[in-house]
Amino acid sequence: MRAKDVMEHFQSVGHWVDWSNTCDQFLHGDPDLELTGIATAWIPTERVIRKAAASGANLFITHEPMQINFYDKEGSTRQIMQAKRELLDELGMTVMRCHDTWDRMPEVGIPDAWAAHLGFEMEPRPVESFYRICLLGKMSARQAARQVLERVRDLGQDTVLIFGDQDKEVSRMAVGTGAITILPRMQALGADLLLATDDGIDSWARLLWAAEVDIPVLIVNHCTAEKPGMIAMAGYLAERFPGLPVQFIDNPEYPWKSVR
């Protein structure tokens, strides 16, 4: 089978994606490449590209961009990208991004896999939503943070940040992922605790809003929230394309670690 067969499969199931305007596309290499294996990962650093090639994969499916945004005009960025493209050519690797499809994919996609990993009872998620509601019973925001921490340790995260009143009693936690943790929309789902990511908040605006409405916010790393979905993608593709090796490759640089 070819790389483009995988893309065509995502196009067949991703009815929520505007396929005329999406970042889900080939970022490098040949869509007609005959596949020896697939690697899924959160982001294509040089280290994980090499790991993917060592596993026998020649299709690398990333959730996040290959391009280094914001620093794209820096000379060092141009050098990094040139070296990365040369490495991919040397390894015979094609890179495909699957973001808009997997951000709403039911059950195994980013929001559902992340919320399921946390281990709480959940309300159903409409396919158009990026958020899940976890039902906590009754506990303090601090207790909820500790339970989340225990669930993310196996994803490499050793700290969960908490903002606001740690002693506030909570029962409904809205769970978001990536940079789309829009706090007012999460609260509007009837949540009294919000689980956001570092790339989805800032201190001078979004957390100011949380302080004014007196709602506690838990914060984890962007990658932490999306690893479960990329792990699930590997299992999903292995089932859909039996006989083709599929493996999740971890990004060891992510998430950030605390210094103790």
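For LEU87 and THR36, FRET efficiency with R0 = 30 Å and r from the beta-carbon atoms, rounded to 0.05?
Numbers: r = 17 Å, r/R0 = 0.58.
So, using R0 = 30 Å, E works out to roughly 0.95.
Classify the range 1-110: rounded, prolate or oblate, from the alpha-carbon gyration tensor (a ≥ b ≥ c, eigenvalue square roots; a/c under 1.5 rounded; otherwise prolate if a/b is larger than b/c)? Let's see the in-between values first.
Numbers: a/c = 1.90, a/b = 1.29, b/c = 1.47.
Cα axes put the range 1-110 in the oblate bin.
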Put a dot 7 Å past each Cα toward the Cβ at ASP165 and ALA179; how far apart are the dots in nm?
3.3
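I'd like to compare 74-83, 187-196: which one has the highest average count of other Cβ atoms within 10 Å, and what's the full order after that? Walk me through the numbers on the way to the answer.
Details: 74-83: 11.6, 187-196: 21.0.
So the peptides 74-83, 187-196, ranked by packing, come out 187-196, 74-83.
How much length is gained if the chain between ARG146 and ASP202 is pulled fully straight, taking 0.36 nm per residue apart and subtracting their Cα-Cα distance, in nm to one decimal? Before the final figure, lay out the partial values.
On the way: separation 56, 0.36 × 56 = 20.16 nm, distance 2.21 nm.
Going from the current span to full extension adds 18.0 nm.
Per-residue ellipticity at 222 nm for the chain, helices alone: DSSP H runs ≥ 4 residues times -39500 (n - 2.57), over residue total, nearest 500 deg cm²/dmol? Provide the component values of the computation, followed by the final result.
Working: 8 runs with 90 residues, N = 260.
Per the formula, -10500 deg cm²/dmol.
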Can you give me the distance in nm between label points at GLU46 and THR22, each placed 7 Å from the Cα along the Cα-to-Cβ direction?
3.2
Binned Cα-Cα distance frequencies in the chain - 5 Å width, integer %:
1, 6, 13, 17, 17, 15, 12, 9, 6, 3, 1, 0
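Each value in this text was obtained by applying a stated rule to the coordinates, not by laboratory testing. Treat the numbers as computed from the prediction; the structure is a model and nothing was measured. Glycine gets a Cβ as well: all are built from the backbone with ideal geometry, and neighbour counts include every protein chain shown.
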